[in-house]
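In what follows, a structure is listed as structure tokens, so that the remarks can point back to it.
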Amino acid sequence: GWGENLAAFEASGDVADLVPRYFKPNLPIRLEGRFVETSDPDFYRHYTDVFRHWVFRHFFADVERVFEFGCGSGNHVAFLAELFPEKEIVGLDWARASQAILDAVARVKGLRVKGRHFDFFQPDESLTLGENAGVLTFGALEQVGDRFGAFLDYVLAQRPSICVHIEGFVELYRDDELFDYLATRYHRRRNYLEGLLPRLEELHAEGQIELLAVHRHRAGVFS
């Protein structure tokens, strides 16, 4: 799908064309355990813009550079670069089209972005984050299941100033809510991310990291 985003961006030069194509209009919205219908056909995309604006401002304001692992279409990378024009923003993904997108963004928009190939299962040890770096994953670890160990070890060795993981953590679902019960069954049937949050809690208890916050974001699309 990132190839489609690349073609659209090269034709328009508009970073809005980096929004993944799964952000379709008029999808039912999940909010606080209920379905809701909105008057804005692009409500969830606009909602995500507000959400990420706050998160990025709050957690990345003081770092010198931000690395988004699993950056996909480069949507968040471009957003970060426009939000923090003084910072270097690096997007990493296994898909080669992703690096081509960020090359085009740097060339067309003049933003301080660059793309680099990265494999969660075989991290490139030659990639150093440097001092005062921030790490971001945004729905990127979903497909690794319980095979997050190599990536976690890599990040721990790099010692970034802060990490922000906006992911589907099955451990935060509740057994007494129908939405969560169904989500848990689907999550595990698809072998999505599991075990990372408990491991981070263990590392916090051992004094190896500081777990600043765990927040349940109870909104999403029903597609």
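The values are calculated or read from the model by the stated rules, or taken from the named source; none is laboratory data. Everything numeric here is computed off the predicted structure, so don't read it as measured data. Backbone-built Cβ (ideal geometry, glycine too); neighbour counts: all protein chains shown. Please note that ligands, DNA and RNA were not included when accessible areas were found on the heavy atoms of the full protein model with its side chains. Shrake-Rupley method; radii C 1.70, N 1.55, O 1.52, S 1.80 Å.
If I filter the range 190-215 down to residues being part of a helix (DSSP H, G or I) and among the hydrophobic types (A, V, I, L, M, F, W, C), which single residue comes out as most open to solvent (accessible area, probe 1.4 Å)?
Our first condition is that a residue be part of a helix (DSSP H, G or I); within the range 190-215, this holds for 196-205.
Filter once more, keeping what is among the hydrophobic types (A, V, I, L, M, F, W, C): 196-197, 200, 203, 205.
Numbers: Leu196: 9, Leu197: 9, Leu200: 22, Leu203: 1, Ala205: 88 Å².
My answer is Ala205.
If you check Glu86, Glu125, which single one turns out to be in contact with a helix residue (DSSP H, G or I) (Cβ under 9 Å, 6 or more places away or on another chain), among the acidic types (Asp, Glu), open to solvent by 30 Å² or more (accessible area, probe 1.4 Å) and farther than 26 Å from Ala219 by Cβ?
Every option except Glu125 fails the conditions.
Determine, yes or no, whether Val155 is at pLDDT 95 or above, of a type in the set (Val, Ile, Thr), more than 17 Å from the chain's Cα centre (by Cα) and crowded, with 17+ Cβ neighbours inside 10 Å. Explain how you work it out, then say what you get.
Details: at pLDDT 95 or above: yes; of a type in the set (Val, Ile, Thr): yes; more than 17 Å from the chain's Cα centre (by Cα): no; crowded, with 17+ Cβ neighbours inside 10 Å: yes.
No.
Answer yes or no as to whether Glu37 is of a type outside the set (Ser, Thr, Tyr) and under 27 Å from Glu177 (Cα atoms).
Details: of a type outside the set (Ser, Thr, Tyr): yes; under 27 Å from Glu177 (Cα atoms): yes.
So Glu37 fits the description; yes.
May I ask you to list the residues in the range 100-116 that are open to solvent by 20 Å² or more (accessible area, probe 1.4 Å), closer than 21 Å to Glu64 by Cα and not acidic (Asp, Glu)?
Quick first cut of the range 100-116, residues open to solvent by 20 Å² or more (accessible area, probe 1.4 Å) only: 100, 103, 106-112, 114-116.
From what is left, the residues that are closer than 21 Å to Glu64 by Cα are 103, 106, 109-112, 114-116.
Ala106, Lys109, Gly110, Leu111, Arg112, Lys114, Gly115, Arg116, listed by residue number.
Restricting the search to the range 1-36, which residues are of a type in the set (Lys, Arg) and either outside any strand (DSSP E or B) or open to solvent by less than 50 Å² (accessible area, probe 1.4 Å) (or both)? Talk me through it step by step, then tell me what you get.
From the range 1-36, those of a type in the set (Lys, Arg) are 21, 24, 30, 34; that's our starting set.
Result: Arg21, Lys24.
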